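Peer 1: Got a structure for you, written out below as structure tokens; questions coming shortly.
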Amino acid sequence: MRLSSGKVAHALGLAAVIAFSLFPFYWMVAASFKTQTDLLASPPLWLFTPTLQNYQDIFADSKVIGAVGNSLIVATSTTLLAVLLGAPAAFALARYEFRGKGDLWFWFISNRMISPIVLALPVYMLALQMRILDTHLVLVLIYLTFTLPIVVWICTDQFKSIPPELEQAARLDGASQFTIFRKIYLPLGAPGIAVSAIFSFIFSWNELLYALVLTRRTVQTAPVVATSFMSGYELPWGKIMATGTVIVLPVTIFALIVSRHMVRGLTMGATK
Amino acid sequence: MPQTTATPNRGYGRWTPFWFLAPSVAMLFLIGIYPLLFALVTSFRRYNLTRPREGFPFVGFDNYAAVLTDSTFWSSLLLTAKFYVTVLPIQIVLGMGIALLLHKPGLGLLKSLARVTLVVPLATTYAVVGLIGRLVFNRDFGVANQALDLLGIGAFDWLGSPAGAFAAIVILDVWQWTPFCALIFLAGLSMVPGEIEEAARLETSSKLALLRYVQLPYLMPGLTAVMILRSADVLKLFDMVFVMTRGGPGSATDLVSIYIQRVGFRIFDLGTASAQAILLLILTIVISRLYIRVLYREVN
């Protein structure tokens with residue numbers, strides 16, 4: 001195999017794409033292993049002696065641990081609830097014909113477009129009146145506005161791909177619609193359900209605006225706490241970057257698992 | 001096991017779809033529609049949390065009149081539009097370039113690696129992107145100025161100057177969302193039937209002609225999707241900008257979401273903020289109708 005100049009250019013181009021995609025992530029991770037002195041060096045250092053001090057600091061900080069715990073509770077609960085409510089709806093949209101189906105479908109999808117600030121204002125006022133500000137509940141509920149549509153969309157698509165013959169056989173055996181859903185569609189649709197669950201976890205985990213507005217002290221999520229380090233005279237850069245790494249790492253791994261479906265998840269399947 | 005009273009031709013009762021849909025529809029109504037109605041009502045009230053003694057009287061269209069004559073609101077919308085027309089062409093061109101690199105035959109392993117790494121920017125927590133930006137664009141020890149220094153350009157006060165702060169949020173948005181465009185375009189390119197592309201490659205050596213006459217028709221749906229989805233996303237954009245610049249310096253990065261958030265949660269003028277939110281909602285509804293019209297036509 002001979003190396004042509006076209007091939008070299010292609011390889012260099014691809015290498016540039018990889019560098020472009022990974023650089024900010026790399027820079028954050030590298031910074032999380034630097035001492036404060038190294039972080040403030042000008043010009044910035046590319047080679048340095050790594051330290052684990054920043055990680056020791058954040059894992060000893062009950063605020064960070066608590067925030068990661070809150071993020072985990074909120075993202076997991078909203079995901080479970082979204083699957084519990086969304087999978088049956090997806091089954092109905094995939095299998096039944098009824099009036100207003102198209103409108104209902106579009107209503108689910110259009111929730112993706114709504115700006116969080118539009119909902120954050122009234123939800124804040126309502127939560128204030130109902131005294132549920134700063135609880136896991138209010139975040140879990142408001143996150144359903146984007147997790148539920150994503151579960152409904154991906155699962156509808158998945159359920160449609162299950163051959164209807166299976167259902168007919170079960171129906172001849174006298175199975176109810178609920179049994180058909182539980183015994184045929186849930187197991188066969190499991191891959192789609194898993195993908196949609198991963199997406200709703202990623203989106204909930206990454207959310208900042210609602211969490212910023214609807215929480216105070218007790219249920220601050222990880223992005224809120226990471227952001228709160230950004231005040232004061234001398235910023236603890238190492239701690240900030242270590243917290244950032246701890247936040248980003250789990251969702252990056254999840255995203256790599258569903259990387260083939262990434263575009264579908266972000267566009268609600270507008271492009272195949 | 002209880003049996004549904006099934007009509008013989010369909011195999012399910014008339015109300016069966018209803019039972020499967022009811023929980024999620026009820027929930028989405030509770031969290032997605034009821035608050036919007038509440039915001040609509042609030043937008044007709046004077047509702048300032050810092051002055052609770054005055055109560056929350058109805059004031060008709062006063063809030064809307066105030067918003068529509070508020071030059072800051074208009075300039076934040078204008079800035080959002082400016083941001084959109086700045087980032088979109090860059091993302092489309094870069095995204096197209098990356099998609100073509102990934103579509104080109106050969107170098108399978110490197111291509112798969114590049115394709116997978118594209119997911120990393122998309123998954124990175126938006127707020128953390130803002131934190132990274134604060135470090136990268138720092139005037140004294142930021143790596144952005146180090147790069148400028150290598151190019152022989154002097155240090156630049158990125159986050160301290162209006163032009164620099166706007167450039168910084170543009171760069172980070174381009175970093176985060178170019179992969180999105182690239183992956184959509186790549187999906188479009190792979191829709192081109194293999195034999196047609198082969199034949200065209202034999203016919204012409206011009207890459208541009210290949211792109212224009214063979215590949216572009218397959219890229220159009222993706223291009224439309226990118227244009228519409230990015231417009232909705234730019235109207236939503238908050239986290240990264242809030243963390244990095246809080247809308248400053250001055251009003252250099254005061255996008256519409258940032259401005260409404262400030263009116264609502266810093267000034268606590270929730271009546272005015274609700275009116276702003278309702279106007280933003282109307283804009284969003286127009287965009288999403290457009291999106292559904294153009295892209296889901298075949299579904300219905």
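Peer 1: Compare A:Thr79, A:Thr145, A:Thr252 in a GNM of chain A, Cα atoms joined below 10 Å, and give the one with the largest fluctuation.
Peer 2: For chain A, modelled as a Gaussian network with Cα springs under 10 Å, the answer is A:Thr252.
Peer 1: Based on the Kirkwood radius over alpha-carbon pairs, what is the Stokes-Einstein translational diffusion coefficient of chain B at 10 °C with 1.306 mPa s viscosity, in µm²/s? Before the final figure, lay out each step's value.
Peer 2: Values: Rh = 23.1 Å.
In µm²/s, the coefficient is 69.
Peer 1: Is the C-alpha gyration tensor of the stretch A:41-186 telling us rounded, prolate or oblate? Criteria: a/c under 1.5 is rounded; beyond that, a/b larger than b/c is prolate, otherwise oblate.
Peer 2: Working: a/c = 2.54, a/b = 1.89, b/c = 1.35.
Since a/c reaches 1.5 and a/b is larger than b/c, the shape of the stretch A:41-186 is classed as prolate.
Peer 1: Among A:Phe108, B:Leu49, B:Leu223, flag the residue with its Cα farthest along the positive direction of the charge dipole of the protein assembly as shown, charges on Cβ as +1 for Lys/Arg and -1 for Asp/Glu.
Peer 2: Comparing the listed Cα positions along the dipole, A:Phe108 ranks first.
Peer 1: Could you work out the helix-only [θ] at 222 nm for chain A, with each DSSP H run of four or more residues adding -39,500 (n - 2.57) and the total divided by the number of residues, to the nearest 500 deg cm²/dmol?
Peer 2: Values: 14 runs with 193 residues, N = 272.
Computed ellipticity for chain A at 222 nm equals -23000 deg cm²/dmol.
Peer 1: Follow-up question, since we're still on this one. Under the classification rounded if a/c is under 1.5, otherwise prolate if a/b is larger than b/c and oblate if not, where does the stretch A:18-89 fall, given a ≥ b ≥ c as square roots of the Cα gyration tensor eigenvalues?
Peer 2: Details: a/c = 5.01, a/b = 1.94, b/c = 2.59.
Judged from the Cα gyration tensor, the stretch A:18-89 comes out oblate (a/c at least 1.5, b/c at or above a/b).
Peer 1: Which shape class, rounded, prolate or oblate, goes with the stretch B:1-141 when its Cα gyration tensor gives a ≥ b ≥ c as root eigenvalues, a/c under 1.5 marks rounded, and past that a/b bigger than b/c marks prolate?
Peer 2: Details: a/c = 2.57, a/b = 1.07, b/c = 2.40.
Oblate.
Peer 1: To the nearest 20 Debye, how big is the dipole of the protein assembly as shown about its Cα centre, given +1 on the beta carbon of each Lys and Arg and -1 on that of each Asp and Glu?
Peer 2: Working: 42 positive and 28 negative charges, 163 e Å.
Rounded to the nearest 20 debye, it is 780 debye.
Peer 1: Helix-derived [θ] at 222 nm for chain B: sum -39500 (n - 2.57) over DSSP H runs of at least 4, divide by residue count, nearest 500? If you can, show how the numbers build up before the last one.
Peer 2: On the way: 14 runs with 197 residues, N = 300.
So the calculated ellipticity at 222 nm is -21000 deg cm²/dmol.
Peer 1: Which whole-angstrom value gives the distance between the alpha carbon centres of the stretch B:181-246 and the stretch A:61-123?
Peer 2: 28
Peer 1: Could you work out Rg/(2.2 N^0.38 Å) for the stretch B:65-217, with Rg from alpha carbons only? Walk me through the numbers before you get to the answer.
Peer 2: On the way: Rg = 20.1 Å, N = 153, 2.2 N^0.38 = 14.9 Å.
Rounded to two decimals, the normalised Rg is 1.35.
Peer 1: Which aspartates and glutamates have a Cα less than 18 Å from the Cα of B:Lys104, not counting those fewer than 8 places away in the same chain?
Peer 2: Within the straight-line cut-off, B:Lys104 pairs with B:Glu195, B:Glu197, B:Glu198, B:Glu203.
Peer 1: Who wins for biggest fluctuation among B:Leu88, B:Leu235, B:Leu118 in a Gaussian network model of chain B, springs between alpha carbons below 10 Å?
Peer 2: B:Leu118
Peer 1: Roughly how many Å is it from the Cα centre of the stretch A:204-242 to that of the stretch B:50-76, as a whole number?
Peer 2: 30
Peer 1: Taking springs between alpha-carbon atoms closer than 10 angstrom, which of B:Leu229, B:Leu100, B:Leu28 fluctuates most in the Gaussian network model of chain B?
Peer 2: Of the options given, B:Leu28 has the highest mean-square fluctuation.
Peer 1: Still on this model: Among B:Ala22, B:Leu151, B:Phe83, flag the residue with its Cα farthest along the positive direction of the charge dipole of chain B, charges on Cβ as +1 for Lys/Arg and -1 for Asp/Glu.
Peer 2: Checked the options; the winner is B:Ala22.
Peer 1: On to the next question. Explain nothing, just the number: dipole magnitude of chain A about its Cα centre with +1 on each Lys and Arg Cβ and -1 on each Asp and Glu Cβ, in debye rounded to the nearest 20.
Peer 2: 460
Peer 1: Can you tell which of B:Ala168, B:Val128, B:Leu237 lies farthest toward the positive end of the dipole of the stretch B:70-295, using +1 and -1 charges on the Cβ of basic and acidic side chains (Lys, Arg; Asp, Glu)?
Peer 2: Towards the positive end, the residue furthest out is B:Leu237.
Peer 1: Bin all alpha-carbon pair distances of chain A at 10 Å intervals from 0 and give each bin's fraction as a whole percent.
Peer 2: Whole-percent P(r) values from 0 Å outward: 6, 22, 26, 22, 15, 7, 2, 0.
Peer 1: Output needed for the protein assembly as shown: three equivalent-ellipsoid semi-axes, defined as square roots of 5 times the C-alpha gyration tensor eigenvalues, in descending order, whole Å. Walk me through the numbers on the way to the answer.
Peer 2: Details: eigenvalues 284, 234, 115 Å².
After scaling each eigenvalue by five and taking roots: 38, 34, 24 Å.
Peer 1: Straight-line reach from A:Lys63: which lysines have a Cα under 29 Å away, not including same-chain ones fewer than 8 places off?
Peer 2: In chain and number order, the partners are A:Lys34, A:Lys239, B:Lys236.
Peer 1: Here is a further query. Could you tell me the convex hull volume per residue, in Å³, taken over the Cα atoms of the stretch B:133-188? Write out the running numbers ahead of the final one.
Peer 2: Details: hull volume 5.0 nm³, N = 56.
Each residue corresponds to 88 Å³ of Cα convex hull volume.
Peer 1: Further, regarding this structure: Under a point-charge model restricted to the Cβ atoms of Lys and Arg (+1) and Asp and Glu (-1), what is the dipole moment magnitude of the stretch B:164-300 relative to its Cα centre, in debye to the nearest 20?
Peer 2: Working: 11 positive and 10 negative charges, 73 e Å.
Magnitude of the dipole: close to 360 debye.
Peer 1: May I pose another question? How large is the convex hull of the Cα atoms of the stretch A:132-272 per residue, expressed in Å³ as a whole number?
Peer 2: Numbers: hull volume 18.8 nm³, N = 141.
In the stretch A:132-272, the Cα convex hull volume per residue is 133 Å³.
Read-outs throughout are calculated quantities, based only on the coordinates presented, and are distinct from any laboratory measurement. Everything numeric in this text was worked out from a predicted model, so none of it was measured. Cβ sites come from the backbone with ideal geometry, for glycine too, and all protein chains shown count toward neighbours.
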